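Remarks on the structure that follows.
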């Protein structure tokens, strides 16, 4: 009640107005029964008014109270504008309500995990290596949601997002859809690209999800600061002996920017001196103190279309194993990308780390040097080699004479022995500063070790 005590009156009038109604329109209620009855009538009129249809009904407040003894024109008992008092009470109530409704800060629960967190941590901690029918693919994931999808010496920038512990998205920024589903039991990955095509892969690494322990976080070990001037093993490629005096052929980009180059052969390393380079055709001649029992001869003839060839080398460095690896295929085009006739195309797999390795025919003669792979979504089996005629032109200009080519086909056993005895692992040593600079270069072809990428 707004008035305490008993009052005899013939008529009660109460005017109300809306707190949120900027026009300050008033609506009147009258009663001969009681002041409360007049108040309720006025409030009902206010709540039903179109002026108040966009706000809460409780914002209707009493504006004025008028009490007459003998009708409206009788003796005036009370006439009081109570608007300011009612507003003060209303605002106090609003303030109390806001305090009561203020959400409490939720303390993070130790056992509450982000969806797909195990997969996210697994992908961030290790490079995803997977194999299709012909090619090996690697995906490197960065914490900012970007990454690099590589196949051989070519790579594409991607964006990625984890959906759950078995599913993630990974596609080039210009596309808006992809879905990769992992079966950890069978170590398989099914990838649906932006066009709806499905690609099947066998996962080489990692072999399982990382396990997250819901306990107190371990104290972070301080990161070891490596001196930028310190020379470290930075990346790798392949190469091959062409003479028994230790002369090795490889790609220029394998030894580019290296402070030191080392050649691994039969379990031992030997420092290699760079004798000559051809930046345009991506060839380098190295000299070591190794004296191999055999060496490759270089073919006098370039490859022919559909000729059978074998690519040998160390794809992915020694990440999978330190054993030499081979891939068979055929010559699929007599020119490289952009109609470069110093190169030829093959479907024999050339992966990152194969660069500089030999491409040979069944006679055991080198017909090309593995150099690069075309990486693009939906494209597989497009790899390039440098023609033997290009290598011979460069060698002749540097006074290098090769062995006489073989005239007969070798058995697979003989071919395997020749590959094993004559193919080498080339390791590039650089300063940390040089590695950082090379990583920043978008056109970098070098197969840097995972810990630096």
Determine, for each peptide in 345-351, 298-304, the mean count of other beta carbons within 10 angstrom over its residues, then list the peptides with the highest first. 345-351, 298-304
Based on the alpha-carbon gyration tensor of the stretch 117-205 and its eigenvalue square roots a ≥ b ≥ c, which shape applies: rounded if a/c is under 1.5, prolate if not and a/b is larger than b/c, or oblate? rounded
In nanometres, what is the gap between the two model label sites at residue 205 and residue 183, each 7 Å from Cα along Cα-to-Cβ? 2.4 nm
Cα→Cβ-extended label distance, 7 Å offset, between residue 231 and residue 243, nm: 2.5 nm
For a protection proxy built on the mean count of beta-carbon atoms within 10 angstrom, sort 236-246, 398-408 highest first, please. 236-246, 398-408
Enter the Cα centre distance for the pair the stretch 312-347 and the stretch 245-298, rounded to the nearest angstrom. 18 Å
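At 0.36 nm per residue, and after removing the present C-alpha to C-alpha distance, how many nm does the segment from residue 436 to residue 334 gain when stretched out fully? Display every interim value, and only then the final one.
Numbers: separation 102, 0.36 × 102 = 36.72 nm, distance 3.68 nm.
Contour length minus Cα-Cα distance gives 33.0 nm.
Determine the gain in length on full extension of the stretch residue 93-residue 81; use 0.36 nm per residue of separation and subtract their C-alpha separation, reporting nm with one decimal. Please report the intermediate quantities before stating the final value.
On the way: separation 12, 0.36 × 12 = 4.32 nm, distance 2.04 nm.
Extending this stretch completely gives an extra 2.3 nm.
What full-extension length gain, to one decimal in nm, is calculated for residue 341 and residue 321 as 0.36 nm per residue of separation minus the Cα-Cα distance? Show your work: numbers first, answer last.
On the way: separation 20, 0.36 × 20 = 7.20 nm, distance 3.43 nm.
Between residue 341 and residue 321, full extension yields an extra 3.8 nm.
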Is any residue of the stretch 275-295 close enough, with backbone N under 12 Å, to a label point placed 7 angstrom from the Cα of residue 268 along the Cα-Cβ axis, and if so, which? 289-292
Using Cβ contacts closer than 10 Å as the measure, can you line up 86, 69 from fewest to most? 69, 86
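Since every read-out is calculated from the coordinates, none of them should be taken as a lab result. Being a predicted model, the structure only gives us computed values, none of them experimental. Neighbour counts are summed over all protein chains in view; Cβ atoms, including those assigned to glycine, are modelled from backbone coordinates with ideal geometry.
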